[in-house]
Amino acid sequence: MTLFAAVQISLIQLLPSNNGGEGENSAANALWRSTRWFMYAGILFHLGGASSSVAVVHMAVHLPQTGREIALNQPDSLASRAFFDPGGGHIPLELLRESMEESLLSHWGLGRSWRFSTWHMILCFFLGLISAFLSIILWVWASEGGGAILGASIIPVALIAGSTAHRVLTG
């Protein structure tokens, strides 16, 4: 996500400050201001998502240490049974299902902030991506005119269609 923010920071440098000296309230100038606004929004969303992704990685890296602390301080915990049971400790089968991953990791110390951070990361990524696409579409419209907007608007539609087709075909 930081790379997306860096690209948008580079692209924002190429935007004209005023479209050909036209009036402050001209339609062309408003279009360029909208383009700049969506670029700044994309930068902020991508930087917010990048900070959340760092938090998620930090939480994931500390899971083994947190699990050991839980095992030492709470002898009846699942982590304690897994670490100290000579048979290796038996994890209940219902916790091994794919839908129960967060529940299993919570026994090793995964906190509620994990869910908030992951949702924030995903939300910021998609909002930043939408802002980036909108700013590119507005840029093309402002630079090339109304006819090019159709071509620029095909990009997100093609990505969504390709993603949907991939999910359908791969199950």
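The values are calculated or read from the model by the stated rules, or taken from the named source; none is laboratory data. Predicted model only: the values in this text are computed from it and were never measured. As a convention, Cβ positions derive from the backbone with ideal geometry for all residues, glycine included, and neighbour counts pool all protein chains shown. Keep in mind that these areas ignore ligands, DNA and RNA; they rest on the heavy atoms of the full protein, side chains included. Shrake-Rupley method; radii C 1.70, N 1.55, O 1.52, S 1.80 Å.
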Pairs returned, first residue in region 105-121 that is under 20 Å from ASP76 (Cβ atoms) and of a type in the set (S, T, N, Q), second residue that is in a helix (DSSP H, G or I) and open to solvent by 60 Å² or more (accessible area, probe 1.4 Å), beta-carbon separation under 9 angstrom, 6 or more apart or interchain, are SER106/ARG112
Exactly one of these conditions fails for PHE83: (1) within 26 Å of MET1 (Cα to Cα); (2) surrounded by 14 or more Cβ atoms within 10 Å (Cβ to Cβ). Give me its number. (1)
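Residues to consider are SER143, SER117; find the one that is surrounded by fewer than 19 Cβ atoms within 10 Å (Cβ to Cβ), part of a helix (DSSP H, G or I) and of a type outside the set (Lys, Arg).
Working: SER117 fails: surrounded by fewer than 19 Cβ atoms within 10 Å (Cβ to Cβ).
None of the other options fit; the residue is SER143.
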So, LEU31, is that one within 30 Å of VAL7 (Cα to Cα), in a helix (DSSP H, G or I), more than 19 Å from the chain's Cα centre (by Cα) and modelled with pLDDT under 85 or not? yes
Of the conditions (1) among the small types (Gly, Ala, Ser); (2) surrounded by 14 or more Cβ atoms within 10 Å (Cβ to Cβ); (3) at pLDDT below 80, GLY20 satisfies every one except a single condition; which number is it? (2)
Only one of LEU105, LEU96 is at pLDDT below 85, exposed (fewer than 14 other Cβ atoms within 10 Å of the Cβ) and of a type in the set (A, V, I, L, M); which? LEU96
